[in-house]
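*Asks:* So that we are looking at the same thing, I have put the structure below in structure tokens.
FYI, it's all coordinate maths here, none of it is from the lab. Predicted, not measured: the structure shown is a model, and the values here were computed from it. Glycine gets a Cβ as well: all are built from the backbone with ideal geometry, and neighbour counts include every protein chain shown.
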Ligand SMILES: [Zn+2]
């Protein structure tokens with residue numbers, strides 16, 4: 001009967017860029033990889049499996065994180081990218097055969113790089129990002145103010161749970177609207193109306209002129225979203241020689257790696 005190997009897995013320390021918490025993650029084992037593979041079949045389960053996988057791989061975590069629930073409430077989506085990077089780095093080290101589509105000739109070609117050579121880290125300059133709110137006056141929709149926040153893993157889980165179940169659910173829209181806490185409508189006549197229920201927020205978002213949507217995401221990026229990790233590399237097209245800087249998508253690449261290793 002197998003009684004286990006008394007071996008310590010390699011570990012890596014991650015300071016989350018937005019909430020500045022310190023974690024240590026260890027390499028995935030085969031069992032955990034296999035479990036992740038199963039989650040690819042159901043898009044609404046991907047994030048749940050990813051969160052559990054990260055949580056299970058934590059060797060050390062801050063005191064205030066006492067269980068899975070407090071973990072979800074303390075960590076933002078951008079923080080998860082950083083944890084995922086740590087997990088990726090310690091489990092695989094290199095990014096293999098990542099398919100790049102050339103911006104010039106549009107042909108695809110694969111690249112392989114050391115994960116650490118692509119790593120960029122921009123921490124949030126303030127404290128308490130979870131309490132930060134960004135009001136955005138919508139210029140193309142007069143009288144409407146959209147309030148933005150940095151979503152946590154818990155916010156994401158609740159949104160997918162309450163909105164993702166119906167057959168007509170649009171996962172892209174559910175994800176895009178995670179950054180919106182509420183819409184406040186001050187009509188020229190009559191009382192102010194506040195829409196903060198998730199379903200109302202999604203409907204209000206869908207009714208916006210395209211210009212306001214871009215404005216909302218620009219404000220989010222400038223005030224909150226730019227803080228985090230980025231995997232950026234300079235790449236030369238093997239077909240036409242075009243040089244460009246590309247951002248590697250951590251989540252999709254993580255699953256690809258789990259599958260092909
Ligand atoms: Zn090219």
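*Asks:* How much mean residue ellipticity at 222 nm does the chain get from its helices, if each DSSP H run of length 4 or more adds -39500 (n - 2.57) and you divide by all residues, to the nearest 500 deg cm²/dmol?
*Replies:* Details: 9 runs with 94 residues, N = 261.
Roughly -10500 deg cm²/dmol at 222 nm, from the helical runs in the chain.
*Asks:* According to the square roots a ≥ b ≥ c of the eigenvalues of the Cα gyration tensor, what is the shape class of segment 37-100, taking rounded for a/c under 1.5, prolate for a/b larger than b/c otherwise, and oblate for the remainder?
*Replies:* On the way: a/c = 2.16, a/b = 1.41, b/c = 1.53.
Here segment 37-100 falls in the oblate category.
*Asks:* Which three extents, in whole angstrom, do the alpha-carbon atoms of segment 25-146 cover along their principal axes, largest first?
*Replies:* Extents along the principal axes: 52, 50, 32 Å.
*Asks:* Using just the C-alpha positions of segment 193-260 as equal point scatterers, what log10 of I(q)/I(0) does the Debye formula give at each q in 0.14, 0.16 1/Å?
*Replies:* -0.77, -0.89
*Asks:* Still on this model: How long is the gain from residue 9 to residue 120 if the chain were fully straight, where each residue apart is worth 0.36 nm and the alpha carbon distance is subtracted? If you can, show how the numbers build up before the last one.
*Replies:* Working: separation 111, 0.36 × 111 = 39.96 nm, distance 2.52 nm.
Full extension from residue 9 to residue 120 adds 37.4 nm.
*Asks:* Over the alpha-carbon set of segment 168-217, work out the extent along each principal axis and list the three values in angstrom, largest first.
*Replies:* 35, 23, 18
*Asks:* How much length is gained if the chain between residue 30 and residue 133 is pulled fully straight, taking 0.36 nm per residue apart and subtracting their Cα-Cα distance, in nm to one decimal?
*Replies:* Values: separation 103, 0.36 × 103 = 37.08 nm, distance 4.12 nm.
Residue separation times 0.36 nm, minus the Cα-Cα distance, leaves 33.0 nm.
*Asks:* Using Cα pairs under 8 angstrom and six or more residues apart, how large is the relative contact order of the chain, in percent? It would help to have the intermediate numbers written out before the result.
*Replies:* Working: 400 pairs, mean separation 55.8, N = 261.
Across the chain, relative contact order equals 21 percent.
*Asks:* Label residue 217 and residue 245 with points 7 Å out from Cα along Cα→Cβ: what is the distance between them in nm?
*Replies:* So the two model labels end up 2.0 nm from each other.
*Asks:* So how long is each side of segment 1-47 along the principal axes, counting just the alpha-carbon atoms, biggest first, in Å?
*Replies:* Here the Cα extents, ordered largest to smallest, are 45, 32, 10 Å.
*Asks:* Moving on. If packing is taken as the mean number of other Cβ atoms within 10 Å per residue, what is the order of 24-33, 182-191, 243-252, highest first?
*Replies:* On the way: 24-33: 16.0, 182-191: 11.9, 243-252: 13.5.
Taking the mean over residues of other Cβ atoms within 10 Å, the ranking is 24-33, 243-252, 182-191.
*Asks:* I want to verify the translational diffusion coefficient of the chain in µm²/s; compute it with Stokes-Einstein, Rh as the Kirkwood radius over Cα pairs, at 37 °C and 0.692 mPa s. Mind showing how you got there, number by number?
*Replies:* Values: Rh = 20.4 Å.
For the chosen part, D equals 161 µm²/s.
*Asks:* Any idea what angle helix 210-220 forms with the longest principal axis of the chain, computed on alpha-carbon atoms, 0 to 90 degrees, nearest 10?
*Replies:* That works out to roughly 60 degrees.
*Asks:* Can you tell me the mean projection area, over all orientations, of the convex hull of segment 138-231's alpha carbons? Units nm², please.
*Replies:* 7.0 nm²
*Asks:* Next question. Under the 0.36 nm per residue contour assumption, what length would be gained going from the current alpha-carbon distance of residue 97 and residue 158 to full extension? Mind dumping the intermediate values first?
*Replies:* Values: separation 61, 0.36 × 61 = 21.96 nm, distance 3.45 nm.
So the chain would gain 18.5 nm between residue 97 and residue 158.
*Asks:* For segment 67-112, what percent of Cα pairs sit more than 12 Å apart?
*Replies:* Result for the distance tail: 72 percent.
*Asks:* Moving on to the next point. Compute the FRET efficiency between residue 255 and residue 66 as 1/(1 + (r/R0)^6), taking r as their Cβ-Cβ distance and R0 = 22 Å, and round to the nearest 0.05.
*Replies:* Details: r = 29 Å, r/R0 = 1.32.
It comes out at approximately 0.15.
*Asks:* To the nearest 0.05, what FRET efficiency results for residue 104 and residue 1 with a Förster distance of 45 Å applied to their C-beta separation? Each step should come with its number before you reach the end.
*Replies:* On the way: r = 59 Å, r/R0 = 1.31.
The pair residue 104/residue 1 has a calculated efficiency of 0.15.
*Asks:* For Cα pairs less than 8 Å apart in space and 6+ apart in sequence, what is the mean separation divided by the residue count of segment 84-167, i.e. the relative contact order in percent?
*Replies:* 17 percent
*Asks:* In degrees between 0 and 90, to the nearest 10, how far off the longest principal axis of the chain does helix 77-91 point, with axes built from Cα atoms?
*Replies:* Its long axis makes an angle of about 10 degrees.
*Asks:* Take segment 147-186, drop everything but the C-alpha atoms, weight them equally and run the Debye formula without solvent; then report log10 I(q)/I(0) at 0.21, 0.32 Å⁻¹ to two decimals.
*Replies:* Taking Cα atoms of segment 147-186 as identical point scatterers yields -0.66, -1.10.
*Asks:* Taking the Cα atoms only, what angle lies between the long axis of helix 153-163 and the longest principal axis of the chain, rounded to 10 degrees?
*Replies:* 60 degrees
*Asks:* In whole Å, what is the distance between the alpha-carbon centres of segment 185-226 and segment 1-54?
*Replies:* Spelled out, the Cα-based centre of one part sits 35 Å from the other.
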